[in-house]
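K.L.:
Could you have a look at this structure, given as structure tokens, before my questions?
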Amino acid sequence: MLKIFLDTNVVLDFILKREGFAKEAAILFDLAERKKLHLTLSSLSINNIDYVVSKIESKKKSRQIILKLLTLTETLPVKESTIEKAALSEFKDFEDAIQNFCATEEGLNHIVTRNLKDYKKSRLSIQTPKEFLAGFRI
């Protein structure tokens, strides 16, 4: 089963049903639920998702969503080595650098994000959800 890393924005698209982006994100999560795709995200993402969702919904609702999210994804640790690599990298955005090196340290090859430009310095395959799904074969 293919294992991919999801950027926080894709997870928020799914959770918040963001217009124009939710459909492809929902397909990714459906594939994960049907055990056709293995979704990963960083522990940093969990924190950021809780922060955003709790501002829009209640803290209680956010925590319920986080618990459901844990059943559909694997949470990868952000280690000291991850942060060190991010700090030494040429990424403009530190958070994106952390995400990139979190995926790299796990041996992943694919990051799915809506912000392709943020990952210009990555050596991984960077695709939007739509691009990824166009090439994905069950």
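K.L.:
Find all pairs meeting these conditions: Cβ atoms under 7 angstrom apart; at least six residues apart or on different chains; first residue within region 1-25 and in contact (Cβ under 8 Å) with a residue 60 or more places away in the chain; second residue acidic (Asp, Glu) and assigned to a helix (DSSP H, G or I).
P.N.:
Listed pairs, sorted by first residue: Phe21/Asp13; Ala25/Asp13.
K.L.:
Contact list please: Cβ distance under 6 Å, first residue in region 85-101 and free of Cβ contacts under 8 Å to residues at least 40 places away in the same chain and under 20 Å from Leu6 (Cβ atoms), second residue of a type in the set (Lys, Arg) and buried (at least 18 other Cβ atoms within 10 Å of the Cβ), pairs at least six apart or on different chains.
P.N.:
Cβ pairs passing all conditions: Phe101/Lys85.
K.L.:
Condition (residue is within 15 Å of Lys3 (Cα to Cα) and within 17 Å of the chain's Cα centre (by Cα)) applied to region 47-70: is it met by at least one residue?
P.N.:
No.
K.L.:
Look through region 31-56, keep the residues that are loosely packed, with under 15 Cβ neighbours inside 10 Å, out of contact with any Leu (no Cβ under 9 Å at 6 or more places or on another chain) and not hydroxyl-bearing (Ser, Thr, Tyr), and return whichever of them is farthest from Val78 (Cα to Cα).
P.N.:
Once the filter is applied, the top-ranked residue is Arg34.
K.L.:
Next up: Against the definition (among the small types (Gly, Ala, Ser) and more than 11 Å from the chain's Cα centre (by Cα)), how does Ser43 come out, yes or no?
P.N.:
no
K.L.:
Out of (1) under 22 Å from Ile4 (Cβ atoms); (2) free of Cβ contacts under 8 Å to residues at least 60 places away in the same chain, the odd one out for Thr73 is which?
P.N.:
Evaluating Thr73 over (1) under 22 Å from Ile4 (Cβ atoms); (2) free of Cβ contacts under 8 Å to residues at least 60 places away in the same chain leaves (2) as the failure.
The numbers here are math on the coordinates, done by the rules we state, and not lab data. As the structure is a computational prediction, the values presented were derived from the model and not from experiment. For neighbour counting, all protein chains shown are included, and Cβ atoms are generated from backbone atoms with ideal geometry for every residue, glycine included.
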